[in-house]
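In what follows, a single structure is set out as structure tokens and then discussed.
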Amino acid sequence: MSNLRLFASCARGLETLLAKELAALGASAIKETVAGVSCEASLEEMYRIGYCARLPSRWLLRLAEGEISNPDDLYELARTVAWHEHFALESHFAIHVSGKSPAFRDTRFAMLRVKDAVSDNFRELTGERPSIDSDDPDALIHVALKGSKAAVALDLVGGALHERGYRQSGHEAPIKENLAAALLVRAGWPQMVEANPHIAVVDPFCGGATLLVEALWMAAGVPAQWLRQFFAWNRWTQHDAAAWERVRAERDALAQAGLRTLQARGFGSDDSAQTITLAKRTLQAAGLSGFVQLNVGDSRRIEPPADFAHGLIVANLPYGERMGFERELMPIHREFGTRLKAVFPGWRFALLTGSEALARATEVRAERIQKIFNGSIECKLITGTLAASAPAPATDNAAPAVQSFRSPGAEAVFNRINKNRRNLKRWLARENISCYRVYDADIPEYAAAIDVYNDRLHIQEYAPPADIPIAKAEERLKDLVFAARRAFEAPSERVYLKQRRAQTPDDQYRRHDQTKEFFTVTENGAQYSVNLTDYLDTGLFLDGRQIRAWLVASARGVRFLNLFSYTASATVAAALGGARESVSVDLSPTYTAWAERNFRLNGLDLNRHKLVEADVVRWLVGARDGFDLIYVDPPTFSNSKRTTTVFDVQRDHFELLQACLTRLSGGGRILFVCNLRRFKLDPRIEEIAEVEDVTHASIPQDFARDQRIHRAYWVRRRA
């Protein structure tokens, strides 16, 4: 028999590893593709790969590939296969369709067209059709659709190859067996065992012991399908039973010898006694009970195993798809990483985390951070070697230890942050300020703004120049985050990172996440609800601190109007300053609800202090009431889908202020603030009103380095 045309499917990101594994097991003509590898192999090599390979999801015999533009094309493609050469008329078959194609709205129709092709093939030869059995087929046909292409194949093993046969019912493994094997390969576990067979593998989040089983089976040379009871190739018409038995006997003998001489040992722990009980049953099913020690324990108090000077710490750390939950997990990751560095110096590690943020939270120095998919979830695998223990603290007579940094740039940013903190210290204490800006691209190469909100850091990266390579920009950002965390001794869960790119008109108020992670900050006696995650802005503009102080001082006994009120922080300030009534107008239901949260935090009467959800320009046209103090802080540009009005502050501010003047009572004032950095006040305003530019006085000390952060004007009617 000539070489077979084969295909091994796998999880995305594992293609190169799988190609190497297939080559090691004898395959040739290897070619990587997305989520799989095609190759050729002899019959015995096919059996060996199907029995031993640890990384594939499926092992398929390629039968036909071609272009399709309609259902009939798929039928004709499947008709080119001589199906009677692969299973008998008496056999039952099933069809599995994956992928998408414009030729089919429903993959079930694709399955029917292939079924028709198979049935018509047999009917022409025998006058009869074979039967379908989706539950227990003798032959499982795979159809892969990808755009205008289709591939038809026969499953040679039958069933998913990650199902090794040792997993116990009652425990839903969070990681598939072939993905666990890939993690170990990427960690260099096979090379570690070869270099020193007396080695330990430690899993502090062992769950059902999947990683431990895969590690020790790999070390002993146990085939991945050692426990499988059924192989589809036994019912394949071209099956060679003698060749299969030779391959199996050879590999089983090697596995038995490997287990008899195995010096590697596994150590697993989990905080659930029930999970440990299931893990013990898993190890028994895998034939590894005597090779692994399990116990109930906290990962943050793990100890290295006795009698093993080195080894591999491997773990699938807990994670969630919701970002708020992810932040809750950061302390566990950090404390676990701290423990590893303290008690496992010199050990290798391979940790699968739910995101790069969680990977960084471990604070272990990774040699590589690799993308890997656990099902549909994109994860990060960090691998490396834990550094040797830090030297003992210096004595009174010894020189102090030199503080280490990621790079000279990180040290420079660290020094600048601390310099700024020293310069602001007395002012912050005198004014009782807990939310402030501590760094704003002070070093141009490290272009970001760092704001402090109580004990949290809000870092907003500015877009790097187009000529800066992405990798270099990412390294600079890592340096900056490292420096900020070091300066404030901030744990990772207290750091909130955003990128501030050039905005499109829709970006300013666009939701970035959905954590609903609000917390309260205090300023000048007022309380404000802040969210550092879900939006580009946080709910409280720190550069408006002095402006809010002016409103407090100006509001006693007045009727106050806040236009484009956002979260109504300005209204809270005016109300606490003694405003007898207020109206706050904003189009966004999200920010109107946020404003109500701020009102309730400060005990404001919602009957006297009203919130209006409306288009500001249209509302002004219809308004009839007069106000003593009007605060206007419009967006630079707005074209909300909830209104037909398009607002451009440079173009429209004259008409806006003109309309505000009509609502201003005698002796009243307008405080107009604009964030457009190139803003120029329309000279026509000074023809109808008295204007005082108070921009310089409005910028607080922590924003003094950026005099263009906003513009501010008091506007009065001319006498």
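In order along region 557-566, phi translates into HN-Hα couplings of x, 9, 8, 10, 10, 10, 9, 6, 6, 6 Hz, rounded to whole numbers, per the Karplus curve 6.51 cos²θ - 1.76 cosθ + 1.60 with θ = phi - 60° and x for Gly and Pro. Given R0 = 60 Å, the distance between the Cβ atoms of Leu112 and Glu686 translates into a calculated FRET efficiency of 0.20. Once the Cβ-Cβ distance of Thr33 and Glu245 is raised to the sixth power relative to R0 = 25 Å, the FRET efficiency obtained is 0.15. Against the main long axis of the alpha-carbon atoms of the chain, helix 177-187 sits at an angle near 70°.
Overall, the anisotropy analysis places region 601-719 in the rounded class: the square-rooted eigenvalues a ≥ b ≥ c of its C-alpha gyration tensor yield a/c less than 1.5. For the chain, the longest principal axis of the alpha carbon atoms and the long axis of helix 649-662 meet at an angle near 50°.
A Förster distance of 30 Å, applied to the separation of the beta-carbon atoms of Glu613 and Ser434, puts the FRET efficiency at 0.45. Full extension of the segment from Thr520 to Ser665, taken as 0.36 nm per residue of separation minus the current Cα-Cα distance, would add 48.7 nm. Highest average first, the peptides 68-76, 91-99 ordered by how many other beta carbon atoms sit within 10 Å of their residues are 91-99, 68-76. Over all other residues within a Cβ to Cβ distance under 12 Å of Ile132, the charged ones net out to -3, with Lys and Arg as +1 and Asp and Glu as -1. Taking the alpha-carbon distance from Lys380 and a cut-off under 24 Å, which lysines remain once sequence neighbours fewer than 8 residues away in the same chain are dropped? Reachable lysines: Lys20, Lys176, Lys341, Lys371, Lys472, Lys478, Lys498. In order along region 618-630, the phi-based Karplus estimate (6.51 cos²θ - 1.76 cosθ + 1.60, θ = phi - 60°) of 3J(HN,Hα) comes to 5, 4, 4, 4, x, 6, 10, 6, x, 9, 8, 9, 10 Hz; Gly and Pro are listed as x.
Here the peptides 356-365, 705-714 are ranked by packing, the mean other Cβ count within 10 Å, and the order with the highest first is 356-365, 705-714. In order along region 670-676, phi translates into HN-Hα couplings of 10, 10, 9, 10, 9, 9, 6 Hz, rounded to whole numbers, per the Karplus curve 6.51 cos²θ - 1.76 cosθ + 1.60 with θ = phi - 60° and x for Gly and Pro.
Under 5 Å between amide hydrogens, built in the peptide plane, is the criterion, and for Gln293 it picks out Gly266, Phe267, Gly268 among residues at least 5 positions away or on other chains. Once both axes come from the Cα atoms, what is the angle between helix 15-24 and the longest principal axis of the chain, in degrees from 0 to 90, rounded to 10? Tilt of helix 15-24: around 20 degrees. Put +1 on the Cβ of each Lys and Arg and -1 on the Cβ of each Asp and Glu in the chain; which of Tyr535, Val213, Pro223 then has its Cα farthest toward the positive end of the dipole? Most positive-ward Cα: Tyr535. Assuming a ≥ b ≥ c are the square roots of the Cα gyration tensor eigenvalues, decide whether region 213-352 counts as rounded (a/c under 1.5), prolate (otherwise, with a/b larger than b/c) or oblate. Prolate.
Quick check on the chain: of the DSSP beta bridges with both residues there, what percent are antiparallel, nearest 5%? Once the DSSP bridges in the chain are tallied, antiparallel ones form about 60 percent.
Per residue, the convex hull spanned by the Cα atoms of the chain measures out at 214 cubic angstrom. At the residue level, Met192 shows approximately 30 square angstrom of accessible surface with a 1.4 angstrom probe and all protein chains present. If the chain linking Phe373 and Ala82 were pulled fully straight, counting 0.36 nm for each residue of separation and taking away their Cα-Cα distance, it would gain 101.1 nm.
Each label point was placed 7 Å from the Cα along the Cα-to-Cβ direction; for Gln527 and Gln701 their separation is 2.8 nm. Annotation: extensible slack from Gln650 through Asp693 equals 13.8 nm (criterion: 0.36 nm per residue apart, minus Cα-Cα distance). Close amide H pairs (under 5 Å, H built 1.01 Å from N) link Arg5 with Arg62, residues at least 5 positions away or on another chain. Computed from point charges on the beta carbon alone (+1 for Lys and Arg, -1 for Asp and Glu), the dipole magnitude for the chain about its Cα centre is near 2180 Debye.
Centre-to-centre, using Cα atoms only, region 670-716 and region 572-636 are separated by 21 Å. Close amide H pairs (under 5 Å, H built 1.01 Å from N) link Cys379 with Ile372, Phe373, Asn374, residues at least 5 positions away or on another chain. Under the shape rule built on the C-alpha gyration tensor, where the axes satisfy a ≥ b ≥ c, region 37-113 is prolate, since a/c reaches at least 1.5 and a/b is greater than b/c.
Summarising the label geometry, the points placed 7 Å from Cα in the beta-carbon direction at Ala309 and His92 lie 5.9 nm from one another. Ser98 sits among other residues whose Cβ lies under 13 Å from its own Cβ, and their net charge, with Lys and Arg +1 and Asp and Glu -1, is +4.
The values are calculated or read from the model by the stated rules, or taken from the named source; none is laboratory data. Treat the numbers as computed from the prediction; the structure is a model and nothing was measured. A quick note on method: Cβ atoms are made from the backbone with ideal geometry, for glycine too, and the neighbour counts reach across all protein chains shown. Each accessible area value is taken on the protein alone, full model and side chains, heavy atoms only, with ligands, DNA and RNA left out. Shrake-Rupley method; radii C 1.70, N 1.55, O 1.52, S 1.80 Å.
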